[in-house]
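J.: For reference, the structure I am asking about is given below.
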Amino acid sequence: YSFKEVFGTLVVQKELFDVVAKPLVEDLIRGKNGLLFTYGVTGSGKTHTMTGSPGDGGLLPRCLAMIFNSIGPFQAKRFVFKLDDKNGVEVQSEVEALLERQRREALPTPKTPAGKRQLDPEFADMIDVQDQGRAEEVDEDNVYGVFVSYIEIYNNYIYDLLEEAPFDSIKPKWNSCNTPVRNGDFVPPQSKILREDQNHNMYVTGCTEVEVKSTEEAFEVFWRAGQKKRRIANTQLNRESSRSHSVFIIKLAQAPLDADGDNVLQEKEQITLSQLSLVDLAGSERTNRTKAEGNRLREAGNINQSLMTLRTCIEVLRENQLYGTNKMVPYRDSKLTHLFKNYFDGEGKVRMIVCVNPKAEDYEESLQVMRFAEMTQEVEVARPVDRPLCGLTPGRRLRNQAFREELSRKLELRGGPVGAGPEEQSPAEQFFQSLPPLPSCELLDINDDQTLPKLIEALEQRHKMRQMLAEEFGKNVLAFKGMLQEFDSSVASKENYFQGKLAEKEKTITGQRTELERLEKKIKTLEYKIEILEKTATIYEEDKRNLQQELESKSQKLQRQASDKKRLEARLQGMVAETSLKWEKECERRVAAKQLEMQNKLWVKDEKLKQLKAIVTEPRAEKPERPSREREREKPLPRSVSPSPAPTTPVAPLHPQRFRSAGGEHWVGHRPSFPVSIPSAHSLLSFPVLLERALARCDRYLLTHQELASDGEIQTKLIK
């Protein structure tokens, strides 16, 4: 998680104050509001951060010390500023403030602790802050008044911790009969109500607000009157666990001095009231870890509910700012968020200190705390505050002080009182001191003729001096009137000029504000559109990456398929070539074998035709006889261009026979007279010579042929 600043475990309170709280104090003196609260799991050090320890004060005493160190010389007298019951402030005159002080001092018990009495050693070390610091921009022509109040939010009710009422026990006391004892003197504290003033700021009605004049007095109010009344309890996680949200409010009223630089300007519109709220939130906790029961369980539930409402308000504000929506923020669901509604709406600067305990048992709670704290950084609520224009010359206080010092110096030179001021000497006394002294007027003798003439002479001199002074005074009055008239005319002309300029500037500022608001709305709209476009671009980029990955996978797949296809084509080409070569060889072999077979068949047919021709051409008168083997061997036969025939096989003698078929056709057939055995399978028939006349008288011819088959049997063939 990332934050504006991260402090280690050994950080000192001063470093934390300089980074976090000092800018808020400076804004408070400039008239701006501020809110600082500590947030974290119970037992993580929120109260220690806010209050501190002996010798090392926390944020609260350091804020008070810086305020009084900055405005100390310019504080108004007590009761010059008076807070009303409607969250406003009024300015009283010096006489009214004096009467109010006398009335308060006449009371038997003062309402505010004395600032000069001995401090309680219990908290004296906490406000002994070294190097207190001072705000840079302090208007010396203003007077200031500081008011403090201290409240707590307990079980979603608001209680005033500075109220003069018994606060020790809310529960009634029980007697032996287990019934509550009625105590007429005991009045339980009443919860306070939140209201809205005319400027739409929330405030607690009837809350005690104490005017303080020093750091010691303010911290004494916090410690003695308020801190001891705050509700704490012992739980499993923290021995002194805060059971309520405490809010210490510092209000700073400031008003300009008049033109003379003596008194406060009696105009309510010129009063600026700013406040700094220091909030110590109760820690979020889980009841299964704290083992809370009864009241502790109810307190824990209310604490967690108020913190959950705070989270919800921050989330809705963040959503409205990021997306330009106008959802209603549920401030009224909790007194805590309702009280500080104005801060979240932009009436001041908000700072949050997240306290984290490195205990392993707090791991889950610490994650939730840091997640919420990181989200709150995206919410911007601060906006500028318009301060009222005074219109008086700056440096009035210093000029008045210099005038008093010069007047005292001149009176001292004339022999007047050294420490006399314009308030202690009237103009008449100064005039009488400037006249010559009177002689003694005592008459001791009736014949004394010197005392009265001397007195008359002195009186005449005084009368002449008085006339001269009156004439000079008249001349001075006339001259002064003329100067005043000239000054009034010049002031009127300058005032008209400045009013015209101011009206022009106001128009310009109004136009610029309108333009600024329009640009801010446009910026929010554009930011929202940019965010949508970024999300859309992210989605498109993701789709693009997915499609590119898919395209790459498919390209790789196609490449693999192409390479497989090439390998298969090469393999098929090889197989085709091999098969073609094989079949070419086989075809050549078969063609050669077929050619040989056909040649053999042709040769056989030629032999048969020769024999048939020989039979046909044999003379009819001659009786066919079988030629001898020797004659056949010796007698050459005519051949065609055919391969040599196989050796002949002896066959049985053939005898011609004539017969008629059922159709009336004449047949001539040759068949052997007896069966013979043929030793060879590859034999050729020896055809007997048929009589030419027998063939001339027949229509069909039949030759019966016998040879040895492959299975060893004699095969008989009929050739028609």
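J.: Can you check what the net charge comes to around Val604, using other residues whose Cβ is under 11 Å from the Cβ of Val604 (Lys, Arg +1; Asp, Glu -1)?
T.: On the way: positive: Lys601, Lys605, Lys608, Lys610; negative: Glu597, Asp606, Glu607.
Net local charge, Val604 excluded: +1.
J.: Quick query: amide H of Leu161 versus all other amide H atoms, modeled in the peptide plane; which residues come in under 5 Å with a sequence gap of 5 or more or a different chain?
T.: Tyr150, Ile151, Glu152
J.: May I ask you to compute the full-extension gain from Glu586 to Glu457, defined as 0.36 nm times their residue separation minus their alpha-carbon distance, rounded to one decimal in nm? Write down the numbers at each step before the final one.
T.: Details: separation 129, 0.36 × 129 = 46.44 nm, distance 17.70 nm.
Taking Glu586 through Glu457 to full extension adds about 28.7 nm, to one decimal.
J.: Taking the Cβ of Lys77 as the center, what net charge do the other residues with Cβ under 14 Å away carry, scoring Lys and Arg +1 and Asp and Glu -1?
T.: Numbers: positive: Arg78, Lys82, Arg101, Arg104, Lys213; negative: Glu94, Glu96, Glu100, Glu105, Glu211, Asp262.
Net charge around Lys77: -1.
J.: So between Glu405 and Val11, what do we pick up on full extension, going 0.36 nm a residue minus the alpha carbon distance? Can you show the working numbers first?
T.: On the way: separation 394, 0.36 × 394 = 141.84 nm, distance 4.79 nm.
Computed gain between Glu405 and Val11 is 137.0 nm.
J.: Within the range 550-564, what residues put their amide N at less than 15 Å from the label point 7 Å along the Cα-to-Cβ vector of Gln573?
T.: Zone members listed by number: 563-564.
J.: Cut-off under 29 Å on the C-alpha distance; same-chain residues fewer than 8 positions from Lys359 excluded. Which lysines are left, in chain and number order?
T.: Lys4, Lys14, Lys46, Lys228, Lys291
J.: May I ask which of Lys82/Lys494; Lys327/Lys535; Lys251/Lys524; Lys77/Lys494 have a Cα-Cα span longer than 28 Å here?
T.: Numbers: Lys82/Lys494 35 Å; Lys327/Lys535 23 Å; Lys251/Lys524 34 Å; Lys77/Lys494 35 Å.
Those over the limit are Lys82/Lys494; Lys251/Lys524; Lys77/Lys494.
J.: Okay, which of the range 31-73 sit inside 20 Å, backbone N to the point 7 Å along the Cα-Cβ direction of Asp262?
T.: In the range 31-73, the label zone of Asp262 (backbone N under 20 Å from the point 7 Å along Cα→Cβ) covers no residue.
J.: Oh, and also: If the cut-off is a Cα-Cα distance under 21 Å, which lysines reach Lys594, setting aside same-chain residues fewer than 8 apart in sequence?
T.: Lys582, Lys585, Lys605, Lys608
J.: Hey, another quick one. For a protection proxy built on the mean count of beta-carbon atoms within 10 angstrom, sort 201-210, 401-410, 604-613, 272-281 highest first, please.
T.: Working: 201-210: 17.6, 401-410: 12.2, 604-613: 14.8, 272-281: 22.5.
In decreasing order of mean packing, 201-210, 401-410, 604-613, 272-281 become 272-281, 201-210, 604-613, 401-410.
Values in this text are rule-based calculations from the coordinates and carry no lab data. Given the structure is predicted, the values throughout are model-derived calculations rather than measurements. As a convention, Cβ positions derive from the backbone with ideal geometry for all residues, glycine included, and neighbour counts pool all protein chains shown.
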